[in-house]
Structure formats: structure tokens, C-alpha cells
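Values in this text are rule-based calculations from the coordinates and carry no lab data. All values reported here derive from a predicted model rather than from experimental measurement. As a convention, Cβ positions derive from the backbone with ideal geometry for all residues, glycine included, and neighbour counts pool all protein chains shown.
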Amino acid sequence: MKQLFGTDGMRGEAGTFPLDRATVAIVGRSLSRQLEEALGRKPRFVTGRDTRESGTWIEAAIHAGIRSAGAEGETAGVITTPGVAFVTREFGFDAGIVISASHNPYFDNGIKVFSPTGKKIASEIERAIERDVFESTLPVELQDATATESGNATRYSERYLEHLLEGFPELALDGYRVVVDCANGAAFELAPELFGRLGADVVAVSDKPDGRNINEGCGSLHLDGLRDRVLEEDADIGIAFDGDADRALFVDEKGNVVDGDAVLWVMARLLADNGGLANQTVVATVMSNLGLEVALSARNIRLLRTSVGDKYVLDELLRTNSEVGGEQSGHIIFPQRSLVGDGMMTALFVLEAIFENQRPLSEITSGFTRYPQILVNVKVREKRPFDEVAAISEAAKTVERQLGTNGRLLLRYSGTENLARVMIEGEDQAVIDGHANQLAEVIRANLG
């Protein structure tokens, strides 16, 4: 049976299977039944969405499915993904449902479900929902598909903002100018309000969503506009969110991009200096730059790497009882605060580091020297294990020998496309470019 749920829920083009109204309603009904069986009672749900034009009808279809199973649900309206996770826990819901496709364009959307702990629902429940969808056993009446309005949406958003502020009681941003790129997404009202309450002079951009402009030339995937605005405004920092604000990237006062690796470097030192890095460990993915590993090692902090995906980062954080982990994309998790990546919380941690050190962002990120990196994608006809193809295996071993201890090779397949990805890091850009292109040609000749 085909899978609908990936490592980050269901995602696809809105209006087409499985994100058509009928299928979405079946998902809502099936989820309700699975949780009722597990809980021994009718479950309560809260939903939240980003600003995509499809969000309202997808949310309504989910609620139609929930009601058809006799369960209860209400909407928190437009709110960030970590906001839904918080509301689920804080207000005693049995699950939180996010309607968002994160950094994807407006015509895509998605569904992901959180338990009250903040973790995504168990894979067993996902498989059961998939069976119901593909067997079409739970048709739902959609004539009156509306999301249940309780009047609590404003209350939920307000409590979420209070929760974020409570975690940083000493942080004061009076005198700081902050440019905030809201990606025309879920944080378009929440983020400017959050930083404004801390006293910052907030310049908000991409904060006028129209249902179709989410992530369009803005947000964490498009930082040029933010960089220009930071320099134009003589700002202390630029903060860019993605569509559902579970990640954040930054621009320092000089216009330099500060990615997730640099944030992990800043956070590791901030936590270590304040006794908050008990096991001297940071968790990142295989894509994090070798320079981060070298810089952390110099501070006697180890870097543990996982497969790409916040799910794997979280699993390793919990397994090792570590305090911080994340990805280059700016998806950072602080498990002592939340099991969900939260872009606004990450921004508060970065601002606290600036405030506490009384030094600009460009200075607190120093000490981490990024190694040159190249990523080459190769179209393949099949995804055979690389070590089963002799020519590829030998070519990879040759590259690793030539790189020695001053470089790193990562070969992997895309999880969604027929692509092989060749990533190499080393001290010399020209050298690693040559290695990557040669290895790509070997892969192309054998699997292309």
C-alpha cells in the first residue's frame, strides 16, 4: 500500500489527491476513530493553518470528518505550527492538526498531526489512516463542511505569545531595530507583536498575505530582500521565517546570512556558558557543515549527526538527553522548551545571546569558519545502494582518501525524487568541485 505520510505529515498540491476535500474528510474521520480506540473516549482536536487560500476549505473538510465520527474540534485560526503544538498541550486537546506546506509555494498544502507531547502521531496511526483512505471505507458528508469556530482563536494566540515571553524574562530589546520577514505566512501578525512587546523597533516586511503570496520571493528561502532592508534600515538584525514559522534564518547587521549551523554554534556556546549544555552535545544532520563540527570540537562539544529531517534530530535529542539540535535550514529544537522547532523561539534565543553578550550578531557568530561545500544532483533511473555498484563505490573511496581528515563526502538519494545527491566539503573549493563533478559523472554513467 502506498504511503501518504512522510517524515513531515502529508503534503501535495491542494485540491488533488490526497488533499482533495473528500480524502481530507476521510483523514479527519479516520484519525478521530483511531484516537477514540486508543483513548477509550471521543477525542478533542484543535486545528490551525497558515495563510494559503486552500487552508480554510482543507480545515473545514478536516472538521467535517471529525464531526462525522462524533468527535469534537475547534480552530485556532491562522497560527504557526509550533503555536498549534503549544495550544494542544496547554489547553488539553488530544491532538493538534496543522494545515500547512511550510516553505512550499501557495498551491501546495499539507496536514500534520501532533500529540499533546509535541511529537508527531505514531506511525501506526498514520498507516491505519492510509488504509482507510485507500480502501475508501469512511465516506463523509461534505455539504456542510465548516471549521468549528469557538471564539477562542485570539485567546490561543495570545497565550502562545505569553508562553514565548515567559521563557525570556530578562530580555529587553529597547534600542534594537529588528527587521522581520514574515514570509506572508502564519507569523505575519504574531512575530511583529512578539518583538514589539520586548521593546524592539520592529520593521515588518512580507506581512500582508493574500492567500497566494506565501513564501513568494520572501521568507527564509529568499534572503536578498531582507539583507537589503537590514542595511537600508541600519538594523541590528534581520529575521526571516518560513510559511509556518517553525524555522528561522537571520541576517546580521553587516548583511551576512546566519544559517542554522551558525545558530547552533551560537546556542551551544550560550547554553554552555550558562550551564545549560550538560552533556556537551549538539545534534545536527549529515548536511551540517564540517566547520561546525570543527568549531564545536575546539570547545570540547561533540556533534552528533542524523539523517536529514527534524524527526530524526528530535529522536536523537531525546535519546541522548541533549539540549539543542537542528538543521542548516534554521529548524532548531530546544527539547527542554518544546519538542517542535519554533522559529520565533529560536529568534528569541539569538536575541538573548546578543543582549547577554552586548555584542552584535556578526561578533557572536565568529569562531565558526564554514568549509567550502558543493552539492551536485544527478538524475538516476533507479536507487540502488551505492556500495552495490562497484564503479561508484571505488570512486567514492578514492575521493574520501584524497580528502583525508580535512574533508567530507556524503552520498545519498533524494527522498522524493529520482536524484542522487553528491555533497563534498573541504578546504579548497576548486578541489572539491572537481571531486564532486567526477563522482557525479560516474553515478550518471552507471545509474543515469
> By how many nm would the segment from ASN274 to VAL286 lengthen if fully extended, with 0.36 nm per residue of separation less the alpha-carbon distance?
Replying inline: 1.6 nm
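Antiparallel DSSP bridges in the stretch 167-364: what percent, to the nearest 5?
Details: 9 of 24 bridges.
So the antiparallel bridges amount to about 40 percent of the total.
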>> Multiplying the sequence separation of ARG370 and SER414 by 0.36 nm and subtracting their Cα-Cα distance, what value in nm do you get?
In response: 13.4 nm
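Rounded, prolate or oblate: which fits the stretch 1-77, taking a ≥ b ≥ c as square roots of the Cα gyration tensor eigenvalues, rounded meaning a/c under 1.5, else prolate when a/b beats b/c?
Values: a/c = 1.85, a/b = 1.30, b/c = 1.43.
Oblate, since a/c reaches 1.5 and b/c is not below a/b.
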>> Whole percent per 10 Å bin, from 0 to the bin with the longest distance: what is P(r) over all C-alpha pairs of the stretch 292-340?
In response: 26, 56, 19
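Dipole of the stretch 167-364, Cα-centred, from +1 at each Lys and Arg C-beta and -1 at each Asp and Glu C-beta, to the nearest 20 debye?
Details: 16 positive and 33 negative charges, 138 e Å.
Value, rounded to 20: 660 debye.
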> For THR405 and ASN437 in the same chain, what is the full-extension length gain: residue separation times 0.36 nm, less their Cα-Cα distance, in nm?
Replying inline: 9.5 nm
> For the chain, what does -39500 (n - 2.57) per DSSP helix run (n ≥ 4), summed and divided by total residues, give at 222 nm, in deg cm²/dmol to the nearest 500?
Replying inline: -12000 deg cm²/dmol
>> If R₀ is 51 angstrom, what is the calculated FRET efficiency for the pair LYS2 and ASP174, using the beta carbon separation as r and rounding to 0.05?
In response: 0.40
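Grab the alpha carbons of the stretch 258-345, take their convex hull, and tell me the volume per residue in Å³. Intermediate results must be reported in sequence, preceding the final value.
Working: hull volume 7.2 nm³, N = 88.
Expressed per residue, the convex hull around the Cα atoms of the stretch 258-345 is 81 Å³.
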> If each of LYS42 and ARG131 carries a label point 7 Å out from its Cα toward its Cβ, how far apart are those two points in nm?
Replying inline: 2.5
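Just the number, please: percent antiparallel of the DSSP beta bridges in the chain, rounded to the nearest 5. Walk me through the numbers on the way to the answer.
Numbers: 32 of 58 bridges.
About 55 percent, rounded to the nearest 5.
With the cut-off at 1.5 for a/c, could you classify the chain from its C-alpha gyration tensor as rounded, prolate or oblate? Don't skip to the answer; put the middle values down first.
Details: a/c = 1.81, a/b = 1.19, b/c = 1.52.
In terms of gyration-tensor shape, oblate.
Report the charge-dipole magnitude of the chain in Debye, nearest 20, computed about the Cα centre from +1 at each Lys and Arg Cβ and -1 at each Asp and Glu Cβ.
The calculation lands at about 1400 debye.
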